[in-house]
Each structure stands twice: as structure tokens, then as C-alpha cells.
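The values are calculated or read from the model by the stated rules, or taken from the named source; none is laboratory data. Remember, predicted model here, so these are calculated numbers, not experimental data. Here Cβ is always computed from backbone atoms with ideal geometry, including for glycine, and neighbour counts include all displayed protein chains.
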Amino acid sequence: MSSTSTAFAPTHRGLRGSARGRRADPLFRAMLVLAASSVLLILAAMIVRTSIEASPVFASEGIFGFVTGQEWSVGTSRSEVTGTYGAFPFIYGTLKISFIAILLAVPTSIGIALFTNEVAPAWLRKPLIYTIDTLAMVPSVVYALVGLYFFRVVFWGPMGELVAGSPLGEATTFFGPPVLLASYWSAANILTIMILPIITAICRDVFAQVPADERNAAFAMGATRWEVMSRVIVPQSFSGIVGGTMLGLGRALGETLAVAVLIGSSQRWAPQLFFGGDSMTAVIANTFADAHPEAVWALLAIGVTLFFITMSVNIAARLIVARVNRRVGGSVVA
Amino acid sequence: MRMFTRSVAAIAALSLLAAACGGDDTAGDPLAQSEPAGDETDDTDDDVEGEEEGAEDEPGELGDDAVGVDEESADLLGAGATFITPLMLEWIRDNEPGINVNYQSIGSGGGIAQFLEETVDFGSSERYLTDEEVADAEEIRGCEAIHIPDAFGAVVPAYNDPDLDAALEAAGQDAIVLDADTIAGIYLTEITSWDDPAIAELNPDVELPSTALIPVHRSDGSGTTYIFTTYLDDENEQWAEEIGNGSEVDWPAGTIGGNGNEGVAAETQQQPGAVGYLSIAYAIENDIPMAAVLNADGNAIHPSVESVAEGPQTILDDIPEDFRYDILGVGGEGFPIVGTHWILAWECGYEDATADALKDFLRWAVTDGDDLAEDLLYSPVGGDFEGRVLDEIERINSAE
């Protein structure tokens, strides 16, 4: 860097400082501040607005009652809360399918990322990466339809039958019959497909960031490919993987259409995996259009609850990363 | 790298928030969701779309176009039930007074909301206004909201079970016979298979299979659900106690939902053992097997355009002055699970041109629009009832 302003590197001829440029500087700064603060303002406006609209429902049910209540029975009033609004079935469903999706997607993504970065022959890498990225661009309505008419009939349903009929299905309620096509299982599977590209992309990036020296050192000491991947690359990338997982979880928690179509939308919860349930986003999307005013407040209350759930998931993820880094030390990413 | 994960986390957080709140923020404002009905208008006539803005701003304004709009006619803006949309589009395209209508198919709830907010000229709904809504309406515009029945539609129990179809064929029976109690039993998850004694009693000749039944209901608020649950609420005591009626009810555990007629039809067609309820037009068009239902006179009636039209005829005398009614206790040859579609209009406060257009359009729809309705498997308003409905149409804008 030179003695002049660091913002204008003199090595480029076209970027030499001028009087106009110096006047533009504060203006540009103001624009950036405006852009950054607009996000906060929009966010604040949304939170305040939804919370105010939802407050009659929270007041009537109590926050604890709203979150734990199992009965969702809407009223028809335009001015007061007459129904019973318990959002537990939806919260349960959202968390259940999201975590199952994460459970399925994260190991798969790590596998894909390791394969493309470390194992795949060079000619295969680019096409594979393009394919995965394309998966991320498919609109969710397409996933919804393909899931509804194809995947669940051909794959997920039969897979469910297989598991439910096995000793595992007989021994546990969770994996037990009956097997429905519209189920937590189908919804979790479509979410898995949808979040796979995001997590894979981030894993690929963080794996590529592992210093070549460390990998070469491990190889030089006689480590096998598997040992390098499992002992060097993946541990080094832990916080990056958590970050990618959170991004995937975010999409899973917020995904609406594909879930609404596949989860069964029963407004009830069921302990089984292969039975129909409901999720927070699905009930909003399904019932909003025809809802009476008081039911709209209750749906907004679900929205506020979802907001707090996503926020706490995020904070929890940051804490995990911070704690692990302190223990492990020397992590590449933080 | 630190910066990278940090920005990833920041992006993650913000997109989550957006996901959590985005959908809901618009929920507070019904207008935000009401799309400009682009799809529907495209189907009918491009000119309709072109007229839309004029319709909103200056109801009297009229453009010369290919549809052949009368000089004195004006555009109308309506919103509401999806149930009536296919028929409404035909009416809009073919109506002889040449009224140009823009209809937004956003659901009965949205239709009522927009009607009460006075953002549309008429609302459209599969349920009548509640007492509270009627009182509010009086306050909003200083005159009554008028209910105008313009078509009837049936809701039919449909199912998916090849074994049952085979058994029916072997017994030489057209359709499985159910009554209100067995339908309620299935949806209360107390009747869990076809070979339940209660169903066997209604179908003595059929070797009923033991397929496990999975009841499918609408997951969205719907006039179809209102018609279906109102019927069960009236006929079955246990249903009345535990579930009640409404466009959205608290369904028992063990049932699943589908969004829209399409959603229920998809579940019913794919899930073996599924039992769903569908708007009759939808079931017939998709060739989904339907059950015959016992009516109040104990006749097992197969759903058809004719049997649906019979239903309302049997209760005409009981229909109140304000046209807020349910069709219950249907006997004779009438199919018993029937509902009404209403147009909602005001008794006052329209511009003259708008009021005339609305009256002309509705008068035409109720009288000459019958054939179009029957083509699309709706049952038209007819007989003595038609006269009463025409009188009601005259009330539009009659109060000062």
C-alpha cells in the first residue's frame, strides 16, 4: 500500500484520486450505511408489525399455552379471539422434519464435497458441481410436484413400508406402521433434496480452504486418503460445516410449499415417522387464504414463533462453533 | 475464512428471518395476497385484463373493445370463492349483456374480507355472512349486504380402493352406499375399514374388503369443507359434539389433509385406502369413484347433476328471506350433501352504472346462464326459487 488513501490503490492508473473522488467518498459511505441499515429497519418493521397483529392471540392463550397447546380450532370472529390456538403440532412437525432432513443431508453433503474435492477424477468434477448447483436452482413448486406424483409413490412410500415391516418398525412407535404417502417422512425427504446443494457448496468451499501444507504433511507421514479426509480435512472444517448446516436448516425450517404439499397437513401431530402431520409454514400457507380475521392473527403468531425458533437455532449454532473452537484450537475457520 | 463464515452466518440469519416473517407480513393485509387474476383473465379475454384498472378507479368508465360491451355497461370487480371460478369465467365470456367482469379467485374468506373492505363491487362465497359480519356490514356502508344464490354444488365422498371396486362389480352394485353416520364414523376414525358392520348393513350384497381407511380432508379453509361438515353436523350427534361445522374444523387425529380439491384428489388417487370429499365437478372430471349417500327419505342417491339439482328443490319453502341458509334434510331423489354459492352485494352506495351492470350480469347468470352451469356440472338456480332470487337482485342499490 502507498502513502495515499488506502481506498484508492495507485497501482491502477484509472483509479487515481481526484477532487471529485474525494467528494464522492462520504456520499458513497452514506449510501453504504443506508443500505446496511435498511436491512435492520425492514427486519424491525416486520417483527414489530407481526407481533402487534399477533398479540391478541398471545394474550388469550399465553405464550406458553400457545407453544404447548395441542388443539388448533379456529374461531370466526372479526374482533376478538374465540377459538383455541395451540401451535404445538406445527412446531413439533417443523422441528421433526427439519432435523431429520439435516440428519440425512449433512453426511451426504460432506460425502459429495469430499468426493468432488478429493476423490473424483478431474474430468468429472466440473459436471458434478454443475449438477449439484442446478439442484439448488429448481423452484420449490417443482420439487413439490415431483415429490407428490413421483418420489413418494416410487421411493419414499416403499422405503417406509420396508422399515415399518421390519423388526425395527415392530419394536418402536417411531418407525411403526401405518405408512402414509403424505407423511413427515416424505416432507423430510424433499427437504433433504432441497438443502443438499447449499450444504454441499459450503462444505466444498471450506474443504478447499484447508492449507495444502497440512494435507501434504499428513500424506508425507504416510496417512492414507481416508485418514487425511477424516483426521485433517473434516475436523479442520468443523465450523464451516456447522455454518453450512445452519444455512440448510434455515431453508428447511422456512420451506413452505413443498412441505405443505407433502406433510399431510392434518393440523395434528403424530409420534410416528411415516404418518401425516403438519408444519408451521404449511398451516400458514394452507389456511391463510380463507381465514377469518382472528385466525389470521393466530397464523401471524405462528410466524412470530417461527422467527424466534430460527433465531435461537442460529444462536445455538454460534455457541457450538465457539465452544468447539476453544477446545480444539487452531481451527482454520471460526 | 473468518469473514466468510461470519457473512454466511449473517446471510443465514437474515434469510431465516425473511423466511419466518415474509409470508406472514402480507397475511395482515388481504389485499397483498390478491393477485390481479392474471391467469384467469388470460383464459377468457385479454380485453378484460386491459379494463381492470379502469374498473377500479372509475366504475363508470368504459372502453370500446371486442367483447361487445353495451354503451351503458360498466366493468365490475369481484372476488371470492374458487369453487365458482370455472363457471364465472364462462359467464364472463359469454354473458349477453356484455358486462366486463374482473373476478379474482382468492377463496371465500378473502372474498368476504374484500367485500367488507369495499375494495370490490361484489363478493363471492360458499358460506353466508355470520351475524357479526352482517352487523359489521350494516355499519360499514350504512345498508344491508345482500346474499344472492347463483348456483348449487355438491360435495361427494370419493375413495381409492381397487378391492372395493372389484367387490362392487362382483355384487353388481354401482357404488358403495354410505349414510351420514358411516361417513362421520370414517372421519372420526371410528370406522377403520370397509368391512365395518355399519357399512356392511348398508351394503348387504357386497363382500366388503378389509382395507384400512385413511380419511383425507381439505387442509385449507374451504366452502367444500363447510358444506361437508354442515351436513355431518346436522345428521350426526357425535359429530356435532366433537367437531362441529365450518370452513375449517379441528379434524380428529389419524386424518390427513390436502390443499384444494387438487390436493385431496391427489391423496385420494395415490394413497390406497384413502377416503376424501370432493367438489362433484372435480370427482366426475377426474373419474374418481364416488359413494352413493342415503338421503332423509332413506334413498341411496348417486351424485349427478340431476340429483344435486333436486336437493335444493326439496327445501325451498324453508329458505329464509335473507337467503342465509344451509341445505339440510334433503329427501326424495335429491343428493343430500349440497351447498349454495352466493354473490354478495350491497343495498346501497353503488354508482348507477355499476349497479346496473351488476344487476344485468346477475340476472343473466341466474336465468340464461343455466346451460353453462350444467355443462360444468354445477346445478343452476331454477323453478320458483329463481323468481325469489331475481327479486333479491333488484334490491341492489335500491336503498338510499
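Just to be sure before I move on: is A:Val138 surrounded by 13 or more Cβ atoms within 10 Å (Cβ to Cβ), away from chain B (no Cβ under 14 Å) and farther than 26 Å from A:Val234 by Cβ in the structure I sent?
Answer is yes for this residue.
Looking at A:Ser77, A:Ser73 in this structure, which one is under 13 Å from A:Ala295 (Cβ atoms) and without any contact (Cβ under 8 Å) to a residue 60 or more places away in the chain?
Within the list A:Ser77, A:Ser73, the selection yields A:Ser73.
Considering only helices (runs of 4 or more DSSP H) fully contained in the stretch B:301-394, which possess at least 1 residues that are closer than 21 Å to B:Asp234 by Cβ and not basic (Lys, Arg)?
Fully inside the stretch B:301-394 and qualifying: B:305-313, B:383-394.
Any idea how many residues of the stretch A:167-204 are within 14 Å of chain B (Cβ to nearest Cβ) and closer than 12 Å to A:Leu262 by Cα?
Residues that pass the stated criteria total 9.
Taking A:Lys96 and the conditions (1) within 13 Å of another protein chain (Cβ to nearest Cβ); (2) closer than 28 Å to B:Ile243 by Cα, which numbered condition does it fall short on, given that it satisfies the others?
(1)
Out of all the residues in the stretch B:245-257, which are under 21 Å from A:Pro177 (Cα atoms) and more than 7 Å from chain A (Cβ to nearest Cβ)?
Within the stretch B:245-257, B:Pro252, B:Gly254 meet the criteria.
Given the condition closer than 23 Å to A:Thr82 by Cα, more than 13 Å from chain A (Cβ to nearest Cβ) and touching a His at 6+ places or on another chain (Cβ under 9 Å), answer yes or no: does some residue in the stretch B:227-242 qualify?
Checking the stretch B:227-242: at least one residue is closer than 23 Å to A:Thr82 by Cα, more than 13 Å from chain A (Cβ to nearest Cβ) and touching a His at 6+ places or on another chain (Cβ under 9 Å).
Residues of the stretch A:147-171 being assigned to a loop (DSSP other than H, G, I, E, B) and either surrounded by 13 or more Cβ atoms within 10 Å (Cβ to Cβ) or acidic (Asp, Glu) (or both), which ones? Please lay out each step first, then the result.
So in the stretch A:147-171, the residues assigned to a loop (DSSP other than H, G, I, E, B) come out as A:166.
Answer for the stretch A:147-171, where residues must be assigned to a loop (DSSP other than H, G, I, E, B) and either surrounded by 13 or more Cβ atoms within 10 Å (Cβ to Cβ) or acidic (Asp, Glu) (or both): there is none.
Output the residues belonging to the stretch A:71-108 that are assigned to a helix (DSSP H, G or I) and in contact with a strand residue (DSSP E or B) (Cβ under 7 Å, 6 or more places away or on another chain).
Selection gives A:Pro89 alone.
Could you tell me how many of the residues in the stretch A:47-65 are within 12 Å of chain B (Cβ to nearest Cβ) and among the acidic types (Asp, Glu)?
1
Rundown of residues vs (1) among the aliphatic types (A, V, I, L, M); (2) in contact (Cβ under 8 Å) with a residue 12 or more places away in the chain; (3) in a helix (DSSP H, G or I); (4) at the interface with another protein chain (Cβ under 9 Å from one of its Cβ atoms), yes/no style:
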| position | (1), (2), (3), (4) |
| --- | --- |
| A:Gly222 | no, no, no, no |
| A:Val232 | yes, yes, yes, no |
| A:Gly250 | no, yes, yes, yes |
| A:Ile284 | yes, yes, yes, yes |
| A:Ala298 | yes, yes, yes, no |
| A:Ile309 | yes, yes, yes, yes |
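Determine whether A:Ala144 is buried (at least 16 other Cβ atoms within 10 Å of the Cβ), modelled with pLDDT of 95 or more and not hydroxyl-bearing (Ser, Thr, Tyr).
no
State yes or no: is A:Ala164 more than 18 Å from B:Gly263 (Cα to Cα), within 13 Å of chain B (Cβ to nearest Cβ) and either among the aliphatic types (A, V, I, L, M) or in contact (Cβ under 8 Å) with a residue 12 or more places away in the chain (or both)?
Details: more than 18 Å from B:Gly263 (Cα to Cα): yes; within 13 Å of chain B (Cβ to nearest Cβ): yes; either among the aliphatic types (A, V, I, L, M) or in contact (Cβ under 8 Å) with a residue 12 or more places away in the chain (or both): yes.
Answer is yes for this residue.
Would you call B:Asn299 more than 19 Å from the chain's Cα centre (by Cα) and either at pLDDT below 90 or more than 25 Å from B:Gly107 (Cβ to Cβ) (or both)?
It is true that B:Asn299 is more than 19 Å from the chain's Cα centre (by Cα) and either at pLDDT below 90 or more than 25 Å from B:Gly107 (Cβ to Cβ) (or both).
Looking at the stretch A:66-92 only, could you name the residues that are away from chain B (no Cβ under 13 Å) and surrounded by fewer than 16 Cβ atoms within 10 Å (Cβ to Cβ)?
Answer for the stretch A:66-92, where residues must be away from chain B (no Cβ under 13 Å) and surrounded by fewer than 16 Cβ atoms within 10 Å (Cβ to Cβ): just A:Thr68.
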